[in-house]
There are 4 protein chains.
Amino acid sequence: MTTTHIGVIGSGENVPEHVLQDAEAIGTLIAQAGAALVCGGRFGVMEAACRGAKAAGGLTIGILPGLSRSEGNPYVDVLIPTGLGYALRNIITVRSSDAIIMLHGEVGTLSEAVFAYQHGKPLVAMRCSGGWAHRLEETAFDHGAHLDSRGLMHIHYADRPAEAVKLALDLIGTVPEPSKI
Amino acid sequence: MTTTHIGVIGSGENVPEHVLQDAEAIGTLIAQAGAALVCGGRFGVMEAACRGAKAAGGLTIGILPGLSRSEGNPYVDVLIPTGLGYALRNIITVRSSDAIIMLHGEVGTLSEAVFAYQHGKPLVAMRCSGGWAHRLEETAFDHGAHLDSRGLMHIHYADRPAEAVKLALDLIGTVPEPSKI
Amino acid sequence: MTTTHIGVIGSGENVPEHVLQDAEAIGTLIAQAGAALVCGGRFGVMEAACRGAKAAGGLTIGILPGLSRSEGNPYVDVLIPTGLGYALRNIITVRSSDAIIMLHGEVGTLSEAVFAYQHGKPLVAMRCSGGWAHRLEETAFDHGAHLDSRGLMHIHYADRPAEAVKLALDLIGTVPEPSKI
Amino acid sequence: MTTTHIGVIGSGENVPEHVLQDAEAIGTLIAQAGAALVCGGRFGVMEAACRGAKAAGGLTIGILPGLSRSEGNPYVDVLIPTGLGYALRNIITVRSSDAIIMLHGEVGTLSEAVFAYQHGKPLVAMRCSGGWAHRLEETAFDHGAHLDSRGLMHIHYADRPAEAVKLALDLIGTVPEPSKI
């Protein structure tokens, strides 16, 4: 069965407490919707989201940059140690998701947003979480909607966890498959 | 929690019926041992092993070569579409396993056996399943034990599914970590 | 001998004529400085830069997304067909460069700028070339200097080809090696 | 221009002197034929082949496993630091070659022979060089001709450097493109 996979992306460290709370709530809502949660398997936003999903009995998947499953956070059911490093692992995380929710985020999270756009994976950024999730809306084309002039995909923004999860689920299947990946 | 992951590798097509039966039995035994089953997510040996694991309520993981989860067999719980193609995906399958059981196998399966050896992942080949699982014993160094003169790891052989699964589980943690991966 | 490698990144299509002229001039200046030119091996900015480098007798290297060298532009001496697709190939392009000059650029070029920042590769963006090379200065942290709050590396901007090439060469070796790649 | 690329694969250490001499002669013959030499950029067989090619004024390309060009041998003109590790870098080496000559070789070289077979790249093994180049002829299907029962490609064997280089050049373009890579 191909269960729905919702990716959650965001910083692995130095994350404000209110963002961690939102990430945890998003994890719980993903699990309650019957979807599996995909993330980078590490800490910060990733761990909070996984903890939330496990509290609701959900399935959690972590795509690790290194070679050892011991690098993962304790709330991941399925850890995939790619050994590809951070930059390449971020691509596999995006490919394994049907839609993606972004909170906060330093440059690694920005790279995942870029991959989502390149791969035609619906992307919902949590507007008030700071970092690149916030900055994208100010800086990307057309009030944050597009990451380039071609407008390959429309980026969405949400204020609350429930809104983000609903949007992510609703957007699955609405983006045409990209021609170049 | 880092559950034990047992990889099952083998051909995706043109597999003799007795090999499919052994693969299915191996999948069931892996699940009964409480381990997750990792494979390439496709058909033939992979599908049979997953079907066996699901029959016993186990968790199944499939690392796909392409970009779409629709390429997977229906008995996989967690499909990871790497988009890396066959040759590279085979490396991620091996990296995601703690030990590996090999049945039959054409050149793609041979490449996975080579990666297992390079990554220090215990490898148990089903002797009577034909293909490279059989051929390795005849051709590799020291009666099939090693894949090169350095003897980085000892390859094991089994005749029956129960023996293979027991060996794979027992061998986890016995191989020193390789210096070059 | 480890010759200096200067990467040139930018769009492969729909590039304004003045940007192509600048890319060609940059290619020529790189070759005249005795450095090799690295790029994605395709068209638009990449082809213009390679043409400029070859006119000055330079060495040109193209890292291709696909499996066939026939995908490359005719001004590349060494084509490497990675077969990794666009997103992953862009990482190898950055890794093969000691410093990078960015012109114009859609989202693929943005991803290369992100990888440059993650890998600690000095990055000089041509301010007037439009696309993300221009947009970065407006949107990135601290007037375009950084791609996240950690300030891992300082992004530089230039107005003219000679200034960009001089800056790129001068910046090599000035960025500390990143801890996570 | 798409120059012909001949790959040379073999062990990076503990290589018998007569094999290094053959590798050097092969490098020289590749350069004299006007082809570029592709290899893994490191030592042993790779360094000897590059030294031979440079002595004849040829172009040498090295695909490195790590992130730094300082890992390469001093006879490589173009070093590509993939940062992908040994197992994945070996795939890029094969993809960058039109035909491949194999000398000696431990398990890493075997993996490159497997990738050559999977990618439909003509492969010539130096019969008397020992290691897997020798062992393949004894153990692969049909007296060493094939690496699986599907016979995707015919592996060739040679005794002398000149014979190996001539065979490699003659075989380019004779293998049908594989359906699964």
Here are some conditions: (1) at positive phi; (2) assigned to a helix (DSSP H, G or I). D:G105 meets all but one. Which one does it not meet? (2)
Show the residue pairs that are 6+ apart or on different chains and have beta-carbon atoms under 6 Å apart, the first residue being within the range D:109-128 and more than 10 Å from chain B (Cβ to nearest Cβ), the second being β-branched (V, I, T) and open to solvent by 10 Å² or more (accessible area, probe 1.4 Å). D:G120/D:V175; D:P122/D:V175
Would you pick out the residues in the range B:144-169 that are part of a helix (DSSP H, G or I) and in contact with a strand residue (DSSP E or B) (Cβ under 9 Å, 6 or more places away or on another chain)? B:G144, B:P161, B:E163, B:A164, B:V165, B:K166, B:L167, B:A168, B:L169
In the range A:118-143, anything modelled with pLDDT of 90 or more and not in a helix (DSSP H, G or I) is listed as A:G120, A:K121, A:P122, A:L123, A:V124, A:A125, A:M126, A:G130
Hey, D:A116 touching a Lys or Arg at 6+ places or on another chain (Cβ under 9 Å) and crowded, with 24+ Cβ neighbours inside 10 Å or not: no
Do the conditions hold for B:E17, that is, is it of a type in the set (D, E), farther than 23 Å from A:G72 by Cβ and out of contact with any strand residue (DSSP E or B) (no Cβ under 7 Å at 6 or more places or on another chain)? yes
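Output the residue which, of all residues in the range C:91-102 that are more than 7 Å from every other protein chain (Cβ to nearest Cβ) and among the β-branched types (V, I, T), is surrounded by the most Cβ atoms within 10 Å (Cβ to Cβ). Can you show your working first?
Let us first name the residues in the range C:91-102 that are more than 7 Å from every other protein chain (Cβ to nearest Cβ), namely C:93-94, C:97-102.
Right, trim to among the β-branched types (V, I, T) and you get C:93-94, C:100-101.
Values: C:T93: 28, C:V94: 26, C:I100: 27, C:I101: 34.
So the residue we want is C:I101.
From the list A:A140, A:A133, which one is small (G, A, S), within 27 Å of A:G85 (Cβ to Cβ) and more than 11 Å from every other protein chain (Cβ to nearest Cβ)?
Details: A:A140 fails: more than 11 Å from every other protein chain (Cβ to nearest Cβ).
Residue meeting the stated conditions: A:A133.
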Residue set C:L171, C:L167, C:L152; condition in contact (Cβ under 8 Å) with a residue 12 or more places away in the chain and within 13 Å of chain A (Cβ to nearest Cβ); output residue C:L152
Flagged in the range B:26-44 as closer than 16 Å to B:I100 by Cα and outside any loop (DSSP other than H, G, I, E, B), in numbering order, are B:I26, B:G27, B:T28, B:L29, B:I30, B:A31, B:A36, B:L37, B:V38, B:C39
Quick check on the range D:128-176: of everything there that is of a type in the set (D, E) and open to solvent by 50 Å² or more (accessible area, probe 1.4 Å), which residue is nearest to D:E17 (Cα to Cα)? D:D159
Taking B:A133 as meeting all but one of (1) in contact with a Phe, Trp or Tyr (Cβ under 9 Å, 6 or more places away or on another chain); (2) closer than 21 Å to D:A133 by Cβ, write down the number of the exception. (2)
Residues of the range B:45-90 satisfying the condition of being surrounded by 21 or more Cβ atoms within 10 Å (Cβ to Cβ), part of a loop (DSSP other than H, G, I, E, B) and away from chain A (no Cβ under 11 Å): B:G58, B:P65
So in the range B:1-30, with the set limited to residues that are surrounded by fewer than 23 Cβ atoms within 10 Å (Cβ to Cβ) and small (G, A, S), which one is nearest to B:A87 (Cα to Cα)? B:G12
Yes/no for A:G41 being over 27 Å from D:L88 (Cβ atoms) and crowded, with 24+ Cβ neighbours inside 10 Å: no
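Inside the range A:2-25, can you point out the residues that are part of a loop (DSSP other than H, G, I, E, B) and on the phi < 0 side of the Ramachandran plot?
Of the residues in the range A:2-25, the ones part of a loop (DSSP other than H, G, I, E, B) are A:2-4, A:11-16.
Of everything in the range A:2-25, those that are part of a loop (DSSP other than H, G, I, E, B) and on the phi < 0 side of the Ramachandran plot turn out to be A:T2, A:T3, A:T4, A:S11, A:G12, A:E13, A:V15, A:P16.
Return yes when B:G105 is under 27 Å from D:G120 (Cα atoms), facing another protein chain (nearest Cβ under 10 Å) and touching a strand residue (DSSP E or B) at 6+ places or on another chain (Cβ under 9 Å) and no when it is not. Explain how you work it out, then say what you get.
Details: under 27 Å from D:G120 (Cα atoms): yes; facing another protein chain (nearest Cβ under 10 Å): yes; touching a strand residue (DSSP E or B) at 6+ places or on another chain (Cβ under 9 Å): yes.
The answer is yes for B:G105.
The values are calculated or read from the model by the stated rules, or taken from the named source; none is laboratory data. In this text, all values refer to a predicted model and were calculated from it rather than measured experimentally. Cβ coordinates were reconstructed from backbone atoms using ideal geometry, including for glycine residues, and neighbour counts include every protein chain displayed. Surface accessibility is based on the protein's heavy atoms, side chains included, excluding ligands, DNA and RNA. Shrake-Rupley method; radii C 1.70, N 1.55, O 1.52, S 1.80 Å.
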